[in-house]
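The values are calculated or read from the model by the stated rules, or taken from the named source; none is laboratory data. The shown structure was predicted, so the numbers you read here are calculated from the model rather than taken from an experiment. Note: ideal-geometry Cβ built from the backbone for every residue, glycine included; neighbour counts use all protein chains shown. For the accessible areas, the whole protein counts, side chains as well, though only heavy atoms, and no ligand, DNA or RNA atoms are used. Shrake-Rupley method; radii C 1.70, N 1.55, O 1.52, S 1.80 Å.
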Amino acid sequence: MSYLEKRSIRDIDLRKKRVIVRVDFNVPHKNSVISDDTRIRAALPTIKYLLEQEAMVILMSHLGRPKGKPNRLYTLRPVANRLAELLDHPVKFIPDCRGPLVNQAVAEMRAGDVILLENLRFLKEEEKNTPPFSAALASLADIYVNDAFGTAHRAHASTVGITNYLPSVAGFLIHKELMQLGKLISAAEHPFVAIVGGAKISDKIHVIENLLTKVDKILIGGGMANTFLAAAGHDMQGSLIEWESLEVARSFLAMPEAKERMMLPVDLIAAEKFAADAEFRAVELNDIPEGWTALDIGPKTIQCYGEEISRARSIFWNGPLGVFEMDNFAQGTLATAKAIAESSAFSVIGGGDSLAAVNKAGVADQISHVCTGGGAALEFVEGKILPGVAALDDKE
């Protein structure tokens with residue numbers, strides 16, 4: 001199945017129709033202040049197109065992990081306010097996602113109206129994908145649009161269940177994400193370099209395995225590099241090691257493809273303890289002081305990885321290469337972001353941490369494509385079917 005054979009909003013008559021749209025407004029926030037509105041901006045082309053078609057637009061999303069019950073820390077009301085500013089168009093917030101309040105608001109809609117429902121995950125039925133909740137959402141509209149790439153790998157009521165009841169098509173964002181990722185995975189120019197970071201091997205071992213068949217080099221960083229280095233026989237002292245994955249890492253390193261294509265750090269930044277103000281220094285492998293912990297790749301590794309990135313024609317990056325939230329241990333991640341930005345390669349970055357890193361480095365606009373969903377991007381790269389996309393209608 002080709003994801004690009006799915007129907008999109010351009011393939012369906014939307015005029016004067018009620019259209020319910022699953023968007024991904026799961027944005028970073030604190031005390032009702034949104035610190036990064038990238039995902040809201042990413043949904044604007046689809047929403048604007050629907051308004052041009054004089055549709056009545058019903059938006060729904062989740063925010064955070066409220067665990068199936070209302071929690072004012074995760075209300076979407078601030079998102080509705082920010083969306084109205086970005087759209088320069090009124091957005092009516094409904095403090096529920098089913099029931100009389102919602103039904104009345106939808107019944108009163110006119111062409112060009114936009115409403116945003118409250119956080120879907122305030123109800124446990126959303127993640128459980130229960131048919132009654134899916135049907136209740138579907139009853140609000142004539143057409144369903146999925147434009148939430150960040151949740152396309154989840155089989156929830158608002159991503160999969162609802163498609164059983166309505167004509168279901170892809171929005172512009174999902175189509176763009178699939179086009180860019182598809183180009184990278186099936187038609188990448190070589191040399192193709194992947195950079196994989198993050199804390200755990202267990203989260204990404206299948207992604208690395210799939211990438212090994214497609215790329216020329218995989219550059220490893222982050223906490224997972226510690227586990228690979230320990231598996232290779234290096235003394236990592238007090239570093240974060242995923243001990244239960246040590247055997248997996250050993251067998252992986254023994255693979256001919258891994259020996260040929262996978263690169264591990266050649267030096268590290270080690271710290272006395274896991275703290276922003278800890279004493280730290282660059283160390284060679286096996287020279288980590290007793291009890292110290294590796295928190296970033298070292299300067300030699302930065303140079304080594306930078307040379308590989310500069311030669312690349314295609315780049316995929318997921319996951320930070322150190323504890324980049326702490327300035328002293330952000331150099332590897334920021335240097336990587338800048339190297340990708342300076343390269344002439346087609347570059348795709350997936351994942352919230354990687355997005356935060358390119359924003360912190362000030363180079364987001366120099367990346368070819370920044371994915372709005374890290375989990376979905378990884379599962380796509382891993383070769384898995386994304387249920388939220390598979391459930392959409394096929395083109396005739």
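Tabulated data for the structure shown
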item	result
Residue count for the stretch 7-33, restricted to those that are part of a strand (DSSP E or B) and either open to solvent by 40 Å² or more (accessible area, probe 1.4 Å) or touching a His at 6+ places or on another chain (Cβ under 8 Å) (or both)	5
Candidates 136, 105 - the one that is open to solvent by less than 70 Å² (accessible area, probe 1.4 Å) and either within 28 Å of residue 85 (Cα to Cα) or in contact with a helix residue (DSSP H, G or I) (Cβ under 6 Å, 6 or more places away or on another chain) (or both)	105
Members of the stretch 56-66 that are free of Cβ contacts under 8 Å to residues at least 60 places away in the same chain and either touching a Phe, Trp or Tyr at 6+ places or on another chain (Cβ under 9 Å) or surrounded by fewer than 15 Cβ atoms within 10 Å (Cβ to Cβ) (or both)	59, 63, 64, 65, 66
Selected residue [in contact with a Ser or Thr (Cβ under 8 Å, 6 or more places away or on another chain), under 30 Å from residue 242 (Cα atoms) and modelled with pLDDT under 95] from 192, 149	149
Qualifying position, being closer than 22 Å to residue 315 by Cα, basic (Lys, Arg) and over 23 Å from the mean Cα position of the chain (by Cα), among 259, 204	259
Index of the failed condition, residue 317 passing every other in (1) in a strand (DSSP E or B); (2) open to solvent by 30 Å² or more (accessible area, probe 1.4 Å); (3) of a type in the set (Phe, Trp, Tyr)	(2)
Count - residues of the stretch 253-273 that are over 25 Å from residue 287 (Cβ atoms), assigned to a helix (DSSP H, G or I) and open to solvent by less than 60 Å² (accessible area, probe 1.4 Å)	1
Tally, over the stretch 53-100, of residues that are polar (S, T, N, Q) and in a helix (DSSP H, G or I)	1
Positions within the stretch 356-372 being more than 23 Å from residue 11 (Cβ to Cβ) and in a loop (DSSP other than H, G, I, E, B), in sequence order	362, 363, 367, 368, 371
Which numbered condition residue 244 fails, given (1) in contact with a Ser or Thr (Cβ under 9 Å, 6 or more places away or on another chain); (2) surrounded by 15 or more Cβ atoms within 10 Å (Cβ to Cβ)	(2)
Per-region count, the stretch 274-314, residues in contact with an Asp or Glu (Cβ under 6 Å, 6 or more places away or on another chain), under 29 Å from residue 185 (Cβ atoms) and in a loop (DSSP other than H, G, I, E, B)	1
From 377, 356, residue being under 13 Å from residue 318 (Cα atoms), touching a residue at least 40 places away in the same chain (Cβ under 8 Å) and buried (at least 21 other Cβ atoms within 10 Å of the Cβ)	377
Members of the stretch 380-396 that are buried (at least 19 other Cβ atoms within 10 Å of the Cβ) and in a helix (DSSP H, G or I)	380, 381, 388, 389
Among (1) modelled with pLDDT of 95 or more; (2) in contact with a His (Cβ under 8 Å, 6 or more places away or on another chain); (3) not charged (D, E, K, R) - the single one residue 286 does not satisfy	(1)
Enumeration of residues in the stretch 101-130 that are more than 20 Å from residue 55 (Cα to Cα), touching a residue at least 12 places away in the same chain (Cβ under 8 Å) and in a helix (DSSP H, G or I)	120, 121, 122, 124, 125, 126, 127, 128
Tally, over the stretch 70-89, of residues that are at pLDDT 95 or above, over 24 Å from the mean Cα position of the chain (by Cα) and open to solvent by 100 Å² or more (accessible area, probe 1.4 Å)	3
Hits in the stretch 106-132 (condition: of a type in the set (A, V, I, L, M, F, W, C) and more than 15 Å from residue 61 (Cβ to Cβ))	106, 107, 109, 111
Qualifying residue in the stretch 196-215 (condition: out of contact with any His (no Cβ under 7 Å at 6 or more places or on another chain), more than 23 Å from residue 263 (Cβ to Cβ) and without any contact (Cβ under 8 Å) to a residue 40 or more places away in the chain)	no
Tally of residues being under 15 Å from residue 36 (Cα atoms) and either charged (D, E, K, R) or open to solvent by 30 Å² or more (accessible area, probe 1.4 Å) (or both) across the stretch 335-353	2
